[in-house]
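Input: a single structure, listed below in structure tokens.
The values are calculated or read from the model by the stated rules, or taken from the named source; none is laboratory data. Note that this is a predicted model, so its numbers are computed, not measured. We place every Cβ from the backbone using ideal geometry, glycine too, and count neighbours over all the protein chains shown.
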Amino acid sequence: MSRPARPPRVLVVGPIAGGTLDTARSTARGAEALGADTRLLDFGAFGAGWDVITKLDVSPDHKTRLKADYAKVLGEAIVATAASWRPDLVLALAQAPMNASVSSRLRAAGMRTALWFVENHRVLTYWKAVAKDYDAFFAIQDEPFLAMVREAGAGKAVYLPTACDPVRHAPVTLSDDDRARFGADVSFAGAPYRNRQRLLLGLIDMAPRIWGDGWQATELARLAAGGGARFTLDEMVKIFNATAVNLNIHSANHVEGLDPDGDYVNPRTFELAACGAFQLVDARAPLGALFAPGELVTFTSMAQLREQIPYFLARPAERAAIAARARQRAIGEHTFAHRVRRIFDETLPASVWEAGRTTAAPAADLDRAIDALARTATKMSPDEAMMRVLRHVRDGVL
Amino acid sequence: MRKILVVQLCRIGDILMTGPLLRGLRRAHPSAEVSLMVMDSFAATPLPSHLYDRLLVFPLGGLAGALADRQRGWEPSRDALRSFFDDAGGPFDLVVNLTHTDMSALVTSLVPARRRVGLVMRADRRLGLDSAWMTYLRASMRSRPVSAFHLVDLFAWTAGVARDASGLEITVTADDEAWAASFMRTHGLTGRPFIALQLGASSDAKRWPVERFAALADALDPSLGEIVIIGGPAERALADRCVAATARRVINGAGASTLGGLAALLRHSRLLVTNDTGPMHVAAAVGTRVLDVSSGPVSPHETGPYGAGHVVVEPVLACSPCPLDAECHHFACRATLSPDEAAAVARFAMGEGPEPVLAQSRLLVAQRIAPSGRIAFLPAREAWTADDYVRYASARVWETGLDAPASVDGGWATTVTPPAPSAEVMASLARIEAVLHNVARDAAQAAALVKDLPRTAPAKVPQVAARVHATLERLLAIGESERAVHPIVMFLRHEIDSVAATDMAGVSRGQAAAYAGASKRAEQLAEALHVVDLGRWTEDRGPSPTSSPDAPTPSSLHRRTA
């Protein structure tokens, strides 16, 4: 088969707000790393407007109509961009403002559409209504959910776990100030779901530092770090790096403790691994296929967790070895570039994308990685500075 | 304990030229831990270990090799780089970046530090200088015919340390001495004088032709000494050509020694005739007289052999020295010094002959100048050119304006009175003086406009800003056409670019100060050149170590009042 004449053209559409915003940006970087001509519709700036509407003192019906009209504007922006640029694929992330009208108009114009649903289908149920709008539906939960998606009308349904972004999730050099501000023996970073609150209460004697918005209103308020404020992505990476034992607890509002039906792996697992940070993660069935033995330490009960924490606090070398193996796995197999490759394999025709295109690992191109960071980050991070040093070394411009 | 890091990511010569700065740091901060960062390829430079406490070796070779393996990707190299910075031993109280490259700016930004001086890459991806002297260096890069300061002095002042009477230093071990003794024994040089030749250079543009070196060897009377060719292994082929082209015995020592061995050998040499090279600095470091044949993109005033009495021959050509990035196809500068002239200069440098008159070149002699102890390469007896006057006067203006510290244990440096200029030079200086007065006036007007911006009616701000911008453009254009002005306006531009304030008042203050500074420097330089023009010197007679009784007497440079 001859090589495609041009790179695939991909339009990535993100949500207005929420954690999936960063996921959309990382997805775009992953596409660029594969050589795709990529554009990202980053609607993050519209999140403030959405908040204003949400807080308006109007009737619920009015509010619903206002939100729908607001989303319609963004939908038109998607259609207009696609009409002008003619992407081969419009890849939406969960909660992107793409309704049925938008996707049908895109498909009518000959563009492929895909949705990467990076949510728990039991919590966000709108997937039922939108599945049919997409040629391909990618989900972080495997069967039987995929069968349900196909039943709901999606062209195809594919299991695709979340990932890490090596450009943003990486070991970092910490200053003395960073260590003082973010350092801890034990930390947890995330939202105060009920099951997490219960579990962390069971560790209160170990005084873990707890990061995230909302903890100050819980029984764990005195352990809330940073005044209970939101943390940025950069701060999260520093928290991971500055903590000896990171607790990774999958969220669940329907149970008090560990979720026995855990059929997906959260992004945090890959992010911690990519940062080279040691984690204790609640056991989830899909982990066995994603990480090999010795790369992650899981727990299935509070009792087990209470034993693991002091054990690993006392063994820094063992922690470092496990974290290093996890990082190697994450960078080698679980980056956004790996995931986007799968999306391309499943959605793009051979005329624009050779399926199974091989490199041992889709190593992110240095120039594109730097450009992506320069576009998305107003300030140059140490990682970006190091990448720029490497570019000078590579080019012999010393 | 105070921790200081000096970043020097250039070549052997630059590392050796960093020695006086390190010595100054030891003097100024006796209890500080001083670290030096160098490239791995030059980590073996025998800089004396008493000058620093820790050597950080930047792993350029390892990174380049890893990046060449495309299968591995760049992430492992980034991890290796991260480990390097983690192990650097920071945070440092002060990091001084002497390297003027974008890569060194990035490296400097990555070293944990409380204060950084020299080129730094800021978080907004803009280059910052954070050092008046490094700003000057950057500003003067394209006005090199009038560059006023040697890098050794600039390096020291960047770190805020004064110059002392000593020059460069290099380690010579007992093994090095033993090697040199063996080499001299083998070649019958023990107890006999010899002259060393360094044929190679880092680029062809800097290299005096090998055939001329060969003719020089033949032109030097054997009674003056044997001829020994030195150099690295890559220069053996050049050395072989030279040996084949000479009629007399020439000893080929290229590739025979380490740097330390070379230093030990050069100690015994009467003279080193060389291009602008690392061995040139090695010879200066061991106190051997140097004859530097300067050509190509080299300004001896910036990088010449450091120490009083060394001799430089520079071409008299409109294009010399050429810019660092120039593409030249004629290399006329390499042909300006004939072998016979070079032989005459060599005899002069060894005290065996009079100062020769050169047809297309100039002979300069190094002197250490008060009050800062900086080095200057000045014509011994020849008339000064307009560039010489501009360079000398500029040095005084910048030394004063940027507070160059007075030399340590002053008294060993000389003061120099520029000789009365010729009518032609006076006319040039008068023209330059007029241009400087215009620059001073325009810059002062811009300073006043900018200073008043916070009080300007909002509707008029764009108009005023446009006028100021037009003034800057005009000043930059003047700087392009008049090189005496160039460092002043480029310094102004770098200062304006470095204003970090984002509020109107802060920007106004920063830019007004920059324009006012430019105006003052232009006025001071004009005044200094006017003194020359009118020949109004006050003369304080005194001894000058390098001048004969007939040479101009030392004096301070200031205007005699009417």
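I'm trying to understand the selection: among the residues of segment A:5-51, which are assigned to a strand (DSSP E or B) and of a type in the set (Phe, Trp, Tyr)?
Selection gives nothing.
Which condition from (1) within 12 Å of chain B (Cβ to nearest Cβ); (2) within 30 Å of A:Leu200 (Cα to Cα); (3) of a type outside the set (Asp, Glu) is the one that A:Ala369 breaks?
Only one criterion in (1) within 12 Å of chain B (Cβ to nearest Cβ); (2) within 30 Å of A:Leu200 (Cα to Cα); (3) of a type outside the set (Asp, Glu) is unmet by A:Ala369, namely (2).
Among the residues of segment A:169-185, how many are within 13 Å of another protein chain (Cβ to nearest Cβ) and either more than 25 Å from A:Arg329 (Cβ to Cβ) or in contact with a Leu (Cβ under 6 Å, 6 or more places away or on another chain) (or both)?
Result for segment A:169-185: 6.
For segment B:1-120, please list each of the helices (runs of 4 or more DSSP H) lying entirely inside it that holds at least 3 residues being charged (D, E, K, R) and in contact with an Asp or Glu (Cβ under 7 Å, 6 or more places away or on another chain).
Filter on segment B:1-120 gives an empty set.
In the list A:Phe344, A:Phe291, which residue meets the criterion of being buried (at least 21 other Cβ atoms within 10 Å of the Cβ) and within 20 Å of A:Arg29 (Cβ to Cβ)?
A:Phe344
When residues of segment A:146-168 are filtered for being among the basic types (Lys, Arg), in contact (Cβ under 8 Å) with a residue 60 or more places away in the chain and more than 14 Å from every other protein chain (Cβ to nearest Cβ), how many remain?
Number satisfying all stated conditions: 1.
Looking at segment A:87-112, which of the residues that are in contact with a strand residue (DSSP E or B) (Cβ under 7 Å, 6 or more places away or on another chain) and over 17 Å from A:Thr20 (Cβ atoms) is surrounded by the fewest Cβ atoms within 10 Å (Cβ to Cβ)?
A:Arg107
Any idea which of A:Ala224, A:Ala229, A:Ala244 is more than 27 Å from A:Ala289 (Cβ to Cβ), among the hydrophobic types (A, V, I, L, M, F, W, C) and modelled with pLDDT of 95 or more?
When all the criteria are applied, what remains is A:Ala244.
Of the residues B:Ala359, B:Ala393, B:Ala404, B:Ala342, which single one is exposed (fewer than 15 other Cβ atoms within 10 Å of the Cβ) and touching a residue at least 12 places away in the same chain (Cβ under 8 Å)?
Residue meeting the stated conditions: B:Ala359.
Taking the options B:Ala64, B:Ala43, name whichever one is surrounded by fewer than 22 Cβ atoms within 10 Å (Cβ to Cβ) and either more than 10 Å from chain A (Cβ to nearest Cβ) or modelled with pLDDT of 90 or more (or both).
B:Ala43
Do you know which residues across segment A:125-146 are of a type outside the set (Phe, Trp, Tyr) and closer than 18 Å to A:Ala24 by Cα?
A:Ala136, A:Ala139, A:Ile140
Report, ordered by the first and then the second residue, all pairs with beta carbons closer than 8 Å, sequence separation of six or more or different chains, a first member in segment B:79-108 that is facing chain A (nearest Cβ under 10 Å), and a second member that is among the charged types (D, E, K, R) and part of a loop (DSSP other than H, G, I, E, B).
B:Pro91/B:Arg114
Checking B:Gly62 against (1) free of Cβ contacts under 8 Å to residues at least 40 places away in the same chain; (2) farther than 22 Å from A:Val397 by Cβ; (3) small (Gly, Ala, Ser), which single condition isn't satisfied?
Answer for B:Gly62: the failing condition is (2).
(1) surrounded by fewer than 19 Cβ atoms within 10 Å (Cβ to Cβ); (2) within 13 Å of the chain's Cα centre (by Cα): which one isn't true of B:Phe331, the others all being true?
Just one mismatch for B:Phe331, condition (2).
Just to verify a result, which residue in segment B:293-311, among those that are of a type in the set (Val, Ile, Thr) and within 15 Å of the chain's Cα centre (by Cα), is surrounded by the fewest Cβ atoms within 10 Å (Cβ to Cβ)?
B:Thr303
Scanning segment A:372-397 for residues that are without any contact (Cβ under 8 Å) to a residue 12 or more places away in the chain and surrounded by fewer than 18 Cβ atoms within 10 Å (Cβ to Cβ), which turns out farthest from the other protein chains (Cβ to nearest Cβ)?
The extreme case among them is A:Arg375.
Would you confirm, using the coordinates I've provided, whether B:Leu16 is more than 14 Å from chain A (Cβ to nearest Cβ), crowded, with 22+ Cβ neighbours inside 10 Å and either over 19 Å from the mean Cα position of the chain (by Cα) or free of Cβ contacts under 8 Å to residues at least 12 places away in the same chain (or both)?
No; evaluated as a whole, the condition is false for this residue.
For segment B:109-136: of the residues being within 11 Å of chain A (Cβ to nearest Cβ) and in contact (Cβ under 8 Å) with a residue 60 or more places away in the chain, which is surrounded by the fewest Cβ atoms within 10 Å (Cβ to Cβ)?
Taking the candidates together, the pick is B:Arg126.
With the requirement that a residue be among the hydrophobic types (A, V, I, L, M, F, W, C) and modelled with pLDDT of 95 or more, what does segment B:213-238 give you?
B:Phe213, B:Ala214, B:Ala215, B:Leu216, B:Ala217, B:Ala219, B:Leu220, B:Leu224, B:Ile227, B:Val228, B:Ile229, B:Ile230 - these are the residues of segment B:213-238 that are among the hydrophobic types (A, V, I, L, M, F, W, C) and modelled with pLDDT of 95 or more.
Kindly indicate whether A:Thr113 is touching a helix residue (DSSP H, G or I) at 6+ places or on another chain (Cβ under 6 Å) and of a type in the set (S, T, N, Q).
Yes, satisfied.
Scan (1) modelled with pLDDT under 95; (2) farther than 26 Å from B:Gln360 by Cα; (3) among the polar types (S, T, N, Q) for the single condition B:Thr288 breaks and write down its number.
For B:Thr288, the exception is condition (1).
Within segment A:238-254, does at least one residue satisfy the condition of being of a type in the set (Phe, Trp, Tyr), part of a strand (DSSP E or B) and surrounded by 17 or more Cβ atoms within 10 Å (Cβ to Cβ)?
No.
For the structure I just gave you, tell me whether A:Asp205 is away from chain B (no Cβ under 14 Å) and either in contact with a Gly (Cβ under 6 Å, 6 or more places away or on another chain) or of a type in the set (Asp, Glu) (or both).
Yes.
Which residue out of B:Arg362, B:Arg368, B:Arg347, B:Arg334 is charged (D, E, K, R) and farther than 28 Å from B:Val210 by Cβ?
After applying the criteria, what remains is B:Arg368.
Looking at (1) touching an Asp or Glu at 6+ places or on another chain (Cβ under 7 Å); (2) over 23 Å from B:Pro305 (Cβ atoms); (3) not basic (Lys, Arg), which is the one condition that is false for B:Ala386?
(1)
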